[in-house]
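Notes follow once the structure below has been shown.
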Amino acid sequence: MDFGNGVRFKKDVYDGIMMNNIGIILIILIAWNIIVFAVYGMDKSRAKRNERRISEKTLLLSAALFGGAGALLGMYIFRHKTKHLKFKIGVPLLLIVNIVIVVTYMRIYVF
């Protein structure tokens, strides 16, 4: 593979590098979604104890920044924010957007 600057790589070496990057990206996404899931659980726990809460803005932003799966799982496992329309509709839509972006990235740069 020629990158235009005189540096050439064998296709298998380049593919190996890209697969390693995808693996790292997937690990980061999984870790982030676990964190988002935990944040939803923490907010539910704080709500039960009448303690200072995590703002709805923060919860939705964490879902928008590729934490949609963790947010959706957190909503339904902890039964948290499931009656709020902006969460009931917004989080699944954000998850769909997250998936579309990741799949598009993978199609452009990997496959």
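The values are calculated or read from the model by the stated rules, or taken from the named source; none is laboratory data. Just so it is clear, the structure is predicted and the values come from calculations on it, not from any experiment. We place every Cβ from the backbone using ideal geometry, glycine too, and count neighbours over all the protein chains shown.
So, in segment 73-89, of the ones that are over 19 Å from the mean Cα position of the chain (by Cα) and of a type in the set (D, E, K, R), which residue ends up surrounded by the most Cβ atoms within 10 Å (Cβ to Cβ)?
First, the residues of segment 73-89 that are over 19 Å from the mean Cα position of the chain (by Cα): 79, 82-85.
Subset that is of a type in the set (D, E, K, R): 79, 83.
On the way: ARG79: 10, LYS83: 8.
This residue is ARG79.
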Return the pairs, sorted by first residue and then second, in which the second residue is modelled with pLDDT under 95 and not charged (D, E, K, R), the first residue lies in segment 70-88 and is part of a helix (DSSP H, G or I), the beta carbons are less than 8 Å apart, and the residues are 6+ apart or on different chains.
GLY74/HIS80; MET75/THR82; TYR76/THR82; LYS88/THR82
What is the number of the single condition among (1) modelled with pLDDT of 95 or more; (2) in contact with a strand residue (DSSP E or B) (Cβ under 9 Å, 6 or more places away or on another chain) that ASP43 does not meet?
(2)
Can you tell me which residues in segment 41-70 are touching a Leu at 6+ places or on another chain (Cβ under 7 Å) and aliphatic (A, V, I, L, M)?
ALA63, ALA64, ALA69
Is there any pair with a first residue in segment 53-66 that is within 16 Å of PHE78 (Cβ to Cβ) and a second that is part of a helix (DSSP H, G or I) and among the charged types (D, E, K, R) whose Cβ atoms are under 7 Å apart and which are 6 or more apart or on different chains, and what are they?
ARG53/ASP43; ARG53/ARG46; ILE54/ASP43; LEU59/ASP43
Filter segment 69-83 down to residues that are of a type outside the set (A, V, I, L, M, F, W, C) and either more than 10 Å from LEU59 (Cβ to Cβ) or in contact with a strand residue (DSSP E or B) (Cβ under 6 Å, 6 or more places away or on another chain) (or both), then give me how many there are.
5
